[in-house]
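Visitor: One structure follows; several queries about it will come next.
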2 protein chains.
Amino acid sequence: MAALSQRLAAIASPQRMRIIAELMTGETHVSELARRVGMSRALLYMHLTKLQEAGFIHGHLALSEDGKALKLFELSDFSITITPASIAAALPEENEQ
Amino acid sequence: MAALSQRLAAIASPQRMRIIAELMTGETHVSELARRVGMSRALLYMHLTKLQEAGFIHGHLALSEDGKALKLFELSDFSITITPASIAAALPEENEQ
DNA sequence: TCCACCTGTCAGAGAAAACCTACACGTGCA
DNA sequence: TGCACGTGTAGGTTTTCTCTGACAGGTGGA
């Protein structure tokens with residue numbers, strides 16, 4: 001799993017928070033998601049990659065009903081609690097990166 | 001209080017996490033803190049300002065024993081839990097900014 | 001064949017964050 | 001008076017992040 005600061009940086013973005021919220025409605029393929037959140041696919045890929053590396057979402061390939069290949073993304077289960085103690089506890093692993 | 005994405009961005013930094021951890025030992029004045037975390041005061045001010053705006057720390061002026069004016073910073077109490085639901089709930093306030 | 005979908009990536013521009021150096025100024029003490 | 005220590009900020013550089021536009025390629029259906 002990524003370091004805490006990296007995970008927090010991945011989620012600390014209004015655009016990526018918007019993506020998370022959109023995925024709460026169920027798994028969605030990239031092009032459809034790009035339309036819903038109103039951004040280019042190229043940009044969305046960048047955001048999706050960061051969210052996936054941080055463990056908030058995960059993607060897989062699948063075939064649609066009419067036989068087209070789709071890249072589906074869905075939410076992972078996650079819960080992070082931030083307190084002074086949890087931050088201090090995470091510091092050692094930060095320096096390993 | 002700042003928007004969630006702004007608060008998370010403020011804490012999503014190894015340097016600022018380090019500052020938080022250092023302040024767990026008690027309130028500290030700026031120059032001393034700069035020595036401990038090994039950065040210039042100018043840079044530390046930038047980090048402290050972000051942490052304060054996000055509500056993680058707060059500062060106040062005080063006089064040292066030998067009569068010098070010191071700017072002391074100390075930790076605020078905080079606890080943030082991040083889940084898909086908390087992110088979705090925070091979206092409306094994001095757009096107000 | 002052409003069109004409408006889809007995936008995936010790259011180069012480069014623009015904006016934002018992080019960082020350093022240097023300055024101005026104040027206080028206590030030898 | 002000079003030194004050591006403190007606060008606070010302005011300027012400019014470097015680095016990172018964000019974003020656009022364009023490309024190459026695949027599939028199904030009219």
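Visitor: Name the residue, out of B:SER13, B:SER31, that is among the small types (Gly, Ala, Ser), modelled with pLDDT of 95 or more and closer than 25 Å to A:ARG18 by Cα. Reasoning before the result, please.
Guide: Details: B:SER31 fails: closer than 25 Å to A:ARG18 by Cα.
Result: B:SER13 is the single residue among B:SER13, B:SER31 that is among the small types (Gly, Ala, Ser), modelled with pLDDT of 95 or more and closer than 25 Å to A:ARG18 by Cα.
Visitor: Check segment A:39-46 and report whether any residue there is open to solvent by 80 Å² or more (accessible area, probe 1.4 Å), hydroxyl-bearing (Ser, Thr, Tyr), within 21 Å of B:ALA9 (Cα to Cα) and within 15 Å of DNA strand D (Cβ to nearest atom).
Guide: Within segment A:39-46, one or more residues are open to solvent by 80 Å² or more (accessible area, probe 1.4 Å), hydroxyl-bearing (Ser, Thr, Tyr), within 21 Å of B:ALA9 (Cα to Cα) and within 15 Å of DNA strand D (Cβ to nearest atom).
Visitor: Out of all the residues in segment A:59-80, which are under 19 Å from the mean Cα position of the chain (by Cα), within 16 Å of DNA strand D (Cβ to nearest atom) and open to solvent by 50 Å² or more (accessible area, probe 1.4 Å)?
Guide: A:LEU61, A:LYS71
Visitor: Just a yes or no: is a residue in segment A:5-15 within 12 Å of DNA strand D (Cβ to nearest atom) and β-branched (Val, Ile, Thr)?
Guide: Among the residues of segment A:5-15, at least one is within 12 Å of DNA strand D (Cβ to nearest atom) and β-branched (Val, Ile, Thr), which makes the answer yes.
Visitor: Of all residues in segment A:1-29, how many are more than 9 Å from chain B (Cβ to nearest Cβ) and open to solvent by less than 10 Å² (accessible area, probe 1.4 Å)?
Guide: 2
Visitor: Can you pull out the helices (runs of 4 or more DSSP H) entirely within segment A:3-97 that have at least 3 residues that are out of contact with any Cys (no Cβ under 8 Å at 6 or more places or on another chain) and without any contact (Cβ under 8 Å) to a residue 12 or more places away in the chain?
Guide: Hits in segment A:3-97: A:14-23, A:30-37, A:41-53, A:84-96.
Visitor: Let me ask you something else. Out of A:LEU70, A:LEU61, A:LEU44, report the one residue that is touching a helix residue (DSSP H, G or I) at 6+ places or on another chain (Cβ under 6 Å) and at pLDDT 95 or above.
Guide: Numbers: A:LEU70 fails: touching a helix residue (DSSP H, G or I) at 6+ places or on another chain (Cβ under 6 Å); A:LEU61 fails: touching a helix residue (DSSP H, G or I) at 6+ places or on another chain (Cβ under 6 Å).
Exactly one residue qualifies, and that residue is A:LEU44.
The values are calculated or read from the model by the stated rules, or taken from the named source; none is laboratory data. Small disclaimer: the values here were computed from a predicted structure and weren't measured. Note that we place each Cβ from the backbone using ideal geometry, even for glycine, and neighbour counts take in every protein chain shown. The area values use the complete protein model at the heavy-atom level, side chains included, leaving out ligands, DNA and RNA. Shrake-Rupley method; radii C 1.70, N 1.55, O 1.52, S 1.80 Å.
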